[in-house]
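First the structure, in the form of structure tokens, and then the observations on it.
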Amino acid sequence: MPRRKSKRATTYRQRPNALSALDIYTMMSYQRFQALCAITLVRNHHMIMLSMLFDDEDNDDGLLLLYRHHISILHNNLFFFLLDSEFMTIEPDQVIPWFAPANRNRTFDLLEDGWCYHHTRFTVAQLRELYLRLQLPVTFTISTVGHKASSEEAFIITVTKLATGRTNTSLMEVFGVITDTFISRVYKKTIEVLDNKADGVLHGNCLHRWVHLFPEFAEAIKNKLNRPQYGKLLFENVGIIGFLDCKVDETCTPGTGPLTDEELAPRHPGAEVIQRSMYSGYLKLHGLKVLTRYSQTGS
């Protein structure tokens with residue numbers, strides 16, 4: 001049976017707040033009886049059709065009993081339907097206002113060292129210093145319609161997400177935001193800004209930045225290998241300036257989302273091609289294979 005639309009439209013957050021725990025328990029109980037009535041109604045209808053099909057004159061009393069039982073089931077079904085309407089219709093005086101959560105952990109002044117180190121792998125002082133060294137703009141524009149967020153809260157949210165790998169939905173409670181859309185947008189914008197800043201340092205034509213230090217890198221690696229705990233190899237000339245680390249960073253299925261952040265935005269063209277190019281048949285997952293050169297300075 002199709003559910004009746006409520007007389008007064010309510011939001012997703014208002015509806016659970018307007019129903020008490022007892023209301024919800026009662027609603028679940030009568031909905032089970034309502035489903036049982038609907039099943040019995042269908043079975044009784046089939047029995048009436050069969051009785052009329054055989055057209056047995058000696059079975060008029062049985063057919064009358066089936067009609068009476070059918071009418072009784074219809075009344076019961078109507079009763080549960082009206083009862084469901086009473087519970088599902090929330091009047092203005094029943095609505096409990098839903099307050100926006102308080103901002104939590106979205107500025108350096110709100111952070112505690114224990115929480116900060118557990119969620120970001122930095123102390124508050126270290127995180128603040130890193131933020132200042134990056135010289136980020138004061139605010140970020142995180143949507144095409146001009147929504148803004150402070151770079152401070154965007155930086156804290158992004159570092160937390162990178163360090164913990166938690167989902168956007170689970171981070172809503174951590175930072176006291178209303179929707180996971182805010183988390184998604186500030187994370188994407190911050191990653192974009194950091195990626196632009198890293199051009200020529202961590203990717204692109206970045207090796208030229210360290211060429212004058214290559215002899216020092218080789219000397220440090222030689223001294224490390226000549227220690228007794230590494231076999232005391234006694235190298236005289238070492239041309240190793242760093243080490244390669246190859247790993248796969250697993251990602252969600254790419255190309256499945258909208259092309260922009262606007263409503264009713266078109267999907268990515270050629271999504272199946274994007275997915276195929278990002279899929280590893282060996283590891284059975286979507287991801288990016290990262291080849292990183294590590295030097296003795298950690299860069």
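A few remarks follow.
- Cβ-derived FRET efficiency at R0 30 Å, Val42 paired with Glu86, nearest 0.05: 0.75
- Sorted by Cβ neighbour density within 10 Å, fewest at the top, the residues Ser280, Ser51, Ser151: Ser280, Ser51, Ser151
- At R0 = 35 Å, FRET efficiency that the Cβ-Cβ distance of Ala35 and Glu250 yields, to 0.05: 0.25
- Stretching Asp261 away from Tyr117 to a fully extended chain increases their span by 48.6 nm, per 0.36 nm per residue minus the current alpha-carbon distance.
- FRET efficiency, Phe235 to Phe214 (Cβ-Cβ, R0 22 Å, nearest 0.05): 0.85
- Working from label points 7 Å from Cα in the Cα-to-Cβ sense, the Ser150 to Thr181 distance is 2.3 nm.
- Site pair Ala125 and Leu53 shows an inter-label distance of 8.6 nm when each label is modelled 7 Å from Cα along Cα→Cβ.
Any read-out appearing in this document is the output of simple, stated calculations on the displayed coordinates, not a laboratory observation. Model, not experiment: these values are computed from the prediction. When we count neighbours, we look across all protein chains shown, and the Cβ atoms used for this are built from the backbone with ideal geometry, even at glycine.
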